[in-house]
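Beneath this line is the structure, given in structure tokens, with notes to follow.
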Amino acid sequence: MAVFVALGAFLMTLAGGWTAQRVTDRRHLVLGLAGGLMLGVVGLDLLPEALHAASREVFGVPAALLLFVAGFLLAHLVERLLAARQAAHGGGEHDRHRAPEVGLTAAAAMVGHSAMDGVAIGAAFQVGGGMGAAVALAVIAHDFADGFNTFTITSLYGNARRKAVAMLVADALAPVVGAASTAFIAIPEWFLGGYLGLFAGVLLYLAAAEILPEAHHEHPARSTLLCTVMGVVFIWVVVGLAA
């Protein structure tokens, strides 16, 4: 049952990526929406779950929040290292901020997150059918945003369309693989909480330092800001319906 439900997440992820491909002529709106979706996922979904699962404090601070900050700094460090390497090979100023490896690394993190979504579905169905259905609804609903963001992030950093599609397909398959894995392994809750905190930090950095500035760089229109707000509201509605 868990794997069957994860197939719904597979289709929803592909739908999100397909939507991102079809609106390339409104790139600033796509990026604005992606930034809002990412911000909503971080603040309304990932961080609350991380704090619940990894609430143990380290020197007065919840471990999940420490890993959240570490994820933000890690994303910044990786981008700076890749940009410096590209600059050393003659890349221009614009190129230094668009190292393709950053996009692929971020997309790979999205794939890992989707795999954990599948694990969450499988674990919830082990608890009971009602719990499994509730978790599945939440995962399937926000996997549209995951697919949208995976394709957008990969493309934003200058990767070829085929690479963006490949990462989208990997992201779509990840929940199915994650759900199937729960038949063989059990992942501790504290580990899942720590991972969610770390991933939330990475995602916030990409949204705040890359996606949203790019969205408003050439088209600082109110419509772009509206798309960002709509992205946050969409995640809010999804989280509220799944509660």
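Structural remarks
- Considered as a group, the residues in the stretch 184-201 that are among the aromatic types (Phe, Trp, Tyr) and in a helix (DSSP H, G or I) include one that is nearest to residue 70 (Cα to Cα), and that residue is 199.
- Qualifying positions in the stretch 22-52 - more than 22 Å from residue 229 (Cβ to Cβ), open to solvent by 60 Å² or more (accessible area, probe 1.4 Å) and under 18 Å from the mean Cα position of the chain (by Cα): 49, 51
- Among the residues of the stretch 217-243, those identified as open to solvent by less than 60 Å² (accessible area, probe 1.4 Å) and over 29 Å from residue 53 (Cα atoms) are 221, 223, 224, 227.
- Residue count for the stretch 53-75 under the criterion of being closer than 24 Å to residue 139 by Cα, open to solvent by 10 Å² or more (accessible area, probe 1.4 Å) and within 17 Å of the chain's Cα centre (by Cα): the result is 3.
- Qualifying residue in the stretch 11-21 (condition: modelled with pLDDT of 85 or more, buried (at least 24 other Cβ atoms within 10 Å of the Cβ) and hydrophobic (A, V, I, L, M, F, W, C)): no
The values are calculated or read from the model by the stated rules, or taken from the named source; none is laboratory data. The model shown is predicted, which means the values in this text are computed figures rather than measured ones. When we count neighbours, we look across all protein chains shown, and the Cβ atoms used for this are built from the backbone with ideal geometry, even at glycine. Each accessible area value is taken on the protein alone, full model and side chains, heavy atoms only, with ligands, DNA and RNA left out. Shrake-Rupley method; radii C 1.70, N 1.55, O 1.52, S 1.80 Å.
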